[in-house]
Each structure stands twice: as structure tokens, then as C-alpha cells.
1. When only alpha-carbon atoms count, how far does region 2-139 stretch along each of its three principal axes, as whole angstroms with the largest first?
2. Cβ neighbours within 10 Å, averaged per peptide: list 78-88, 93-103 in order, most packed at the top.
3. For the chain, which longest stretch is free of loop sites, where a loop site is one of the chymotrypsin sites (Phe, Trp or Tyr not before Pro) that DSSP puts outside H, G, I, E and B and that has at most 16 other Cβ atoms within 10 Å?
4. If the cut-off is a Cα-Cα distance under 19 Å, which lysines reach K65, setting aside same-chain residues fewer than 8 apart in sequence?
5. Going through region 1-66, which trypsin sites (Lys or Arg not before Pro) have at most 10 other Cβ atoms within 10 Å and a DSSP loop state?
Amino acid sequence: MKTYYIFLIKKDITRVYENNEKQLFKILDNLYHFRKTNLRYGITLYKQLCQIIDDKNIDNFLNNKATLTKNSNYYFKEQNEVSMVMLKTSCVIIKTNSEFPQLFKWLLFYNKNFFICDFENKQYYWLKNIINKINIYEYI
């Protein structure tokens, strides 16, 4: 299973890193592996880069789409895809067996400035760029 961390990047930061995904990933990867002794600095850096996710809108949407909801986690089963979504104000975490989970397509309707990181496999991309590789219209 893959674990994706999806961050909502501020608009002005998006413009800076739009063509420099690797650098943005390095910063977020460093935050992900940050030592707790530097927590205050990490939080400050996070707040400079990321926007807090208004989880109420996404929560309502996920409640309607989820196969099962348990302990504030949402479970989805779509054809060959099984996913679990944890909604945080700092990011959305998806654990899935899919390379491109259904939720990617849904999140694009919420905001176009999501940046997706798979820290374990060192993969990263802007949501709006990866959606171009997927036929989004079959899901609308």
C-alpha cells in the first residue's frame, strides 16, 4: 500500500514552486522527518508554505462518498481500489493500493493547489498536473 500526504499549498508559494516540484518536495520531506526538538521551527515553516484545509467541506463530501466511516477515517472501495483517508487540518493522508486513487480527482474540485507527496517512495507532483494523465471526465 502507498501512503500519500496531500498538502494545500498557498497561492503565492504555488507560483514560486510550480516549476520546481523537487525543491518543494525536499522542504516538505524535511518537515516530515523533522525532529521534535525543532518543532516550533517546523510549524513556522509549514505555516509559510501551506494553507490550513477547511475540513468541513471535504468531510461532508467524504461522508457522502465513503463506503465506511470509522474513527474519523473514511474507507473507499471502488472496483480494484481500496483506500483509507485521514483528514487533518494540516494535510490529507491517503493509504491506498492505487497509483492514482479516486480521491485525487475529487480533491481537484476543492482546490487546484494541492501538492502530493509519497515520502516513502520519493514521489511528488502537483495534483493539477497528475490529473492531466488521468481521464477525469469519466468520473464527472
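1. Principal extents (Cα only, largest first): 41, 33, 27 Å.
2. Values: 78-88: 15.3, 93-103: 17.9.
Packing order, densest peptide first, comes out as 93-103, 78-88.
3. Details: sites that count: F34, F119.
Within the chain, the longest run free of exposed chymotrypsin sites (Phe, Trp or Tyr not before Pro) spans 35-118.
4. Reachable lysines: K56, K77, K88, K95, K105.
5. Values: sites: K2, K10, K11, R15, K22, K26, R35, K36, R40, K47, K56, K65; in loops: K10, R35.
Passing both the DSSP loop test and the Cβ count: R35.
No value in this document is a laboratory result; all are computed from the given coordinates. This structure is a prediction, so every number in the text was calculated from the model and none was measured. Here Cβ is always computed from backbone atoms with ideal geometry, including for glycine, and neighbour counts include all displayed protein chains.
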